[in-house]
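The values are calculated or read from the model by the stated rules, or taken from the named source; none is laboratory data. Here the structure is a predicted model, which means the values were calculated and not measured. All Cβ positions, even for glycine, are placed from backbone atoms using ideal geometry, and neighbour counts span all protein chains on display.
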Amino acid sequence: MSERVKGNRPLSPHLTIYRPQMSSISSILVRISGVSLSFGFVLIVWWLLAASTNIKYFESANSILSSWFGIVVLIGSVWALCYHSLGGIRHLIWDMGYGFDLKTADRMGWAVIIGSFVLTFVIICYSGALS
Amino acid sequence: MNFKTDRSKVSGLGSAKSGASHWFGERLKSVALIPLTIIFILVMAPLIGKDHNVVIESFQNPFTSISIILFFLITFKHLEEGLQVVIEDYVHSKGKLLFLIIFNKLFCWTFGLTAVFAILKITFAG
């Protein structure tokens, strides 16, 4: 960009001047959940590396992941993974050229939000953490 | 004298000329990650907090090992591409941009390959 046009113009994606809407909030959450997932994956990779190293190292990693801190991070990551996956599918549908009318876009947004919590609950039950 | 039309003079003078295939590759990885993520959750969710031998045992199945390796490879490539888009969107200083893009690649490749290494070691040496 040349110096002359740099100025004080708002730069894309115009987060500061755009009124938040259902579609924009549910879309930015895909990005936020994706970025925060990198932390969850670092933890999981560390846990796997510990499991591959020796039983002592594994037990300390395992106890950190199953402590209250670990469980909060893991449940948050599971929710982020569910949200990112469902939201990603919504973006793939948009990429194929469908679902652009407001009603469908809003409905898909709610489906992603509600679906992510339902899926998180199902996965927590499946993992056996509650039993 | 140049007999070329205006259209043919500029033909092929786009940016990197690989934008469409890059874009398509990103979508392809996303689609591949849908079934792989389901397998990843099915395998990993019950393993957290379990005993060491249970974890080792579950990776003795080649389907499990290969699926989880594929999951991590594609996930970290997808993460790298996704984080790069985020960096390019919000970081506007040239120097910082270059540093973050390189750091991002280093971070994703390191953790992706660490995951693959760990799973292979568990599978073969477990």
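Quick one: is A:LEU49 at the interface with another protein chain (Cβ under 10 Å from one of its Cβ atoms), in a helix (DSSP H, G or I) and among the hydrophobic types (A, V, I, L, M, F, W, C)? So A:LEU49 fits the description; yes. Reported count of residues in the stretch B:23-56, each being more than 8 Å from chain A (Cβ to nearest Cβ), closer than 20 Å to A:MET96 by Cβ and of a type outside the set (Lys, Arg), is 7.
Answer yes or no: is there a residue in the stretch B:84-100 that is polar (S, T, N, Q), in contact with a Lys or Arg (Cβ under 9 Å, 6 or more places away or on another chain) and more than 8 Å from every other protein chain (Cβ to nearest Cβ). The answer is yes, given that some residue of the stretch B:84-100 is polar (S, T, N, Q), in contact with a Lys or Arg (Cβ under 9 Å, 6 or more places away or on another chain) and more than 8 Å from every other protein chain (Cβ to nearest Cβ).
Among the residues of the stretch B:59-75, the ones that are more than 10 Å from chain A (Cβ to nearest Cβ) and either without any contact (Cβ under 8 Å) to a residue 40 or more places away in the chain or of a type outside the set (A, V, I, L, M) (or both) come to 10 in all. For first residues located in the stretch A:16-45 and surrounded by fewer than 14 Cβ atoms within 10 Å (Cβ to Cβ), partners that are at pLDDT below 95 and lie 6+ apart or on another chain with Cβ distances below 7 Å form the pairs A:THR16/A:PRO10; A:ILE17/A:PRO10; A:TYR18/A:SER24. Within the stretch A:78-108, being farther than 22 Å from B:GLU26 by Cβ and either in contact with a strand residue (DSSP E or B) (Cβ under 6 Å, 6 or more places away or on another chain) or crowded, with 17+ Cβ neighbours inside 10 Å (or both) holds for A:VAL78, A:TRP79.
Let's see how each residue does on (1) touching an Asp or Glu at 6+ places or on another chain (Cβ under 8 Å); (2) surrounded by 12 or more Cβ atoms within 10 Å (Cβ to Cβ); (3) within 23 Å of A:ILE75 (Cα to Cα):
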position	(1), (2), (3)
B:SER8	no, no, no
B:GLY19	no, no, no
B:LEU28	no, yes, no
B:ILE34	no, yes, yes
B:PHE63	no, no, no
B:LEU83	no, yes, yes
B:HIS92	no, no, no
B:LYS105	yes, yes, no
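One residue stands out among those in the stretch A:90-111 that are within 14 Å of chain B (Cβ to nearest Cβ) and in contact (Cβ under 8 Å) with a residue 12 or more places away in the chain: the one that is farthest from the chain's Cα centre (by Cα), which is A:ILE93.
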